[in-house]
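Accompanying notes for the structure given below.
Only the coordinates and a few stated rules stand behind these numbers; no lab work does. These figures come from a predicted structure and were not determined experimentally. We place every Cβ from the backbone using ideal geometry, glycine too, and count neighbours over all the protein chains shown.
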Amino acid sequence: MVMLETNQCRRCKGALINTDTEIVCSKCGFVQEERFEDNTYDYDERVGAPRTNLYHDTSSVISNKVTDASGKRISNQTNIKRMRIWDNRIRSAPNRNTQRAMTEISRLGDVLKVPDNIKQRAAEIYVECEKRRLLRGRTIDVFAVACLYASCRESNIPKTLQSFVTETYARRTDITSYYRLILKSIDIKPAIQTPVLYIGKIASNVNPPISQPVQRFAQKIIDTYDGIAGKDPIGLAAAALYIACVIKGIHITQKKIAVASDVTEVTIRNRFKDLHRSYKENVEKNPTKDDINYIKVLDDKESALEEQD
């Protein structure tokens with residue numbers, strides 16, 4: 001920027017005002033000088049994607065294609081093949097195993113719609129297990145699945161173990177075995193999963209989906225139950241939704257709820273009896289007209305279920 005020799009406007013000789021971006025005349029508004037210089041430092045020297053545990057190896061890989069980036073055929077295939085071989089040899093076995101595990105965590109997380117921060121935490125758990133040498137003699141893909149499951153349990157994400165088994169080739173016993181090893185070796189405190197977390201998921205899986213008022217009523221029924229410890233939260237959530245639908249007069253079968261929640265109809269009937277008993281005891285303490293009518297409806301339904309059994 002050119003320095004001004006005078007503080008007066010060269011048109012009307014008025015006083016100049018110095019702002020952050022320009023110098024203008026206070027009398028006629030003539031722009032005496034503009035500043036286009038920007039000294040801010042917005043970018044660091046590093047380029048490319050951020051380096052994280054999940055995407056720890058962001059380097060390029062020489063593919064098996066015989067064409068370049070523009071689509072032209074590469075003439076000297078011998079040198080390219082030699083470079084590809086040495087590129088594969090340079091990558092050590094631990095790095096290849098880690099990359100394989102991160103790929104499985106990313107793939108499974110996308111299939112199960114797990115948030116990115118949960119996948120990042122699963123990658124951190126895997127790296128920590130690798131430092132402690134817990135992977136010796138164990139399958140890498142299954143261990144990666146167990147790390148993602150541990151991350152979901154730690155952050156209280158409502159994902160069932162069966163969903164992990166369904167989307168992978170791993171056996172349920174292997175995942176649970178590796179998961180217990182991770183909890184024993186690393187300081188991870190899994191959150192207690194409550195039935196309330198699964199109400200929305202089950203309600204959205206039903207066709208047609210169950211409305212929000214019915215879901216809130218199912219949550220109210222679960223809040224009256226004191227025997228949650230030791231019970232499957234998914235079965236309790238499914239039974240609470242079924243009870244809420246019965247009370248609200250929504251015609252829905254036990255089979256629909258069972259398919260949406262991936263539990264058996266017997267489980268729903270057993271949890272139905274427990275929740276019905278608890279809800280009835282709570283109503284007897286503070287009876288209202290609506291609650292008394294609800295209990296009558298549930299009594300009739302339980303009698304029908306006993307005849308069905």
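Quick notes on this structure:
- Mean Cβ neighbour count within 10 Å, used as a protection proxy, ranking 192-203, 234-245, 131-142 highest first: 234-245, 192-203, 131-142
- Length gained when the stretch Gln8-Glu33 is fully extended (0.36 nm per residue, less Cα-Cα span): 7.8 nm
- Least to most buried among His276, His251 (fewest other Cβ within 10 Å first): His251, His276
- Chain lengthening between Thr139 and Asp223 when straightened (0.36 nm per residue, less Cα-Cα): 26.1 nm
- Under Karplus coefficients 6.51, -1.76 and 1.60, residue-wise ³J(HN,Hα) of the stretch 183-188 in Hz, glycine/proline x: 5, 6, 9, 10, 6, 10
- Taking 7 Å steps out from each Cα toward its Cβ at Ala69 and Thr103 produces label points 2.3 nm apart.
- Residues whose amide H falls under 5 Å from that of Gln32, counting only those 5 or more places apart or on a different chain, are Ile23, Val24, Cys25, with hydrogens built in the peptide plane.
- Net charge over other residues, Cβ less than 15 angstrom from the Cβ of Lys27 (K, R count +1; D, E count -1): +3
- Ranked Ile85, Ile228, criterion: other C-beta atoms within 10 Å, fewest first: Ile85, Ile228
- Three-way shape call for the stretch 196-308 based on the alpha-carbon gyration tensor, with the a/c threshold at 1.5: rounded
- The distance between label points at Arg180 and Arg96 comes to 3.3 nm (points 7 Å beyond Cα on the Cα→Cβ vector).
- Ascending count of other beta-carbon atoms within 10 Å, so fewest first, for Ile157, Ile221: Ile157, Ile221
- Taking each residue as 0.36 nm, the span from Gln77 to Asp274 lengthens on full extension beyond its C-alpha to C-alpha distance by 63.7 nm.
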